[in-house]
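The values are calculated or read from the model by the stated rules, or taken from the named source; none is laboratory data. From a predicted model like this one, the values you see are computed outputs, not experimental measurements. Neighbour counts run over all protein chains shown; Cβ positions are idealised from the backbone, glycine included.
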Amino acid sequence: MFERFTNRLSDNEKEALIDLLQLVARSDGEITYSEQMALENYAKAHDLELKSQPENLALEDILKRFSNYPAKIVALQELIRMADIDGFYSGEEKANVKEIAKQLNIPGDVVKKIEDWVLRALALAREGESLLLEE
């Protein structure tokens, strides 16, 4: 659903994003099945290796790899999607996303717009999936 945006990232940014996605997925203490599948799909789609542990880099070092504002927005979209992929956007996940957005210098009102858009898109996808199960 969001591949059209992640394809705009450089290879370096895609590698940084997978590290961030793993950090967000782990932020509530566990990686759910849905989160693990999303990580594996992202890695496969972008020909990346999914590490068992993200690199032990400081968050600011990972974030420096996003070279421009559109790349930062794409990263934030993907982080929110990962945080809600299991249908539960936990407080810990939300706090991590907001901290990352702050360090990327993305204004709070823009974060809110992105959050609203991603959550609506995911809700619509879930609704569509549930329609397939109805008879």
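The residue of segment 60-86 that is farthest from residue 19 (Cα to Cα), among those that are among the charged types (D, E, K, R) and part of a helix (DSSP H, G or I), is 84. Being touching a Leu at 6+ places or on another chain (Cβ under 8 Å), surrounded by 12 or more Cβ atoms within 10 Å (Cβ to Cβ) and not in a helix (DSSP H, G or I): is that true of residue 89 here? Criteria met by residue 89.
Any chance segment 50-62 includes a residue that's farther than 26 Å from residue 126 by Cα and surrounded by 16 or more Cβ atoms within 10 Å (Cβ to Cβ)? Checking segment 50-62: at least one residue is farther than 26 Å from residue 126 by Cα and surrounded by 16 or more Cβ atoms within 10 Å (Cβ to Cβ). Within segment 26-54, residues that are at pLDDT below 85 sit with their Cβ atoms under 7 Å from residues that are part of a loop (DSSP other than H, G, I, E, B) and among the hydroxyl-bearing types (Ser, Thr, Tyr), at 6+ positions apart or across chains, in these pairs: 28/90.
Residue by residue, here is whether (1) more than 10 Å from the chain's Cα centre (by Cα); (2) surrounded by fewer than 16 Cβ atoms within 10 Å (Cβ to Cβ); (3) not in a helix (DSSP H, G or I) holds:
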{"position": "12", "(1), (2), (3)": "yes, yes, no"}
{"position": "15", "(1), (2), (3)": "yes, no, no"}
{"position": "20", "(1), (2), (3)": "no, no, no"}
{"position": "25", "(1), (2), (3)": "no, no, no"}
{"position": "34", "(1), (2), (3)": "yes, yes, no"}
{"position": "38", "(1), (2), (3)": "no, no, no"}
{"position": "44", "(1), (2), (3)": "yes, yes, no"}
{"position": "47", "(1), (2), (3)": "yes, yes, yes"}
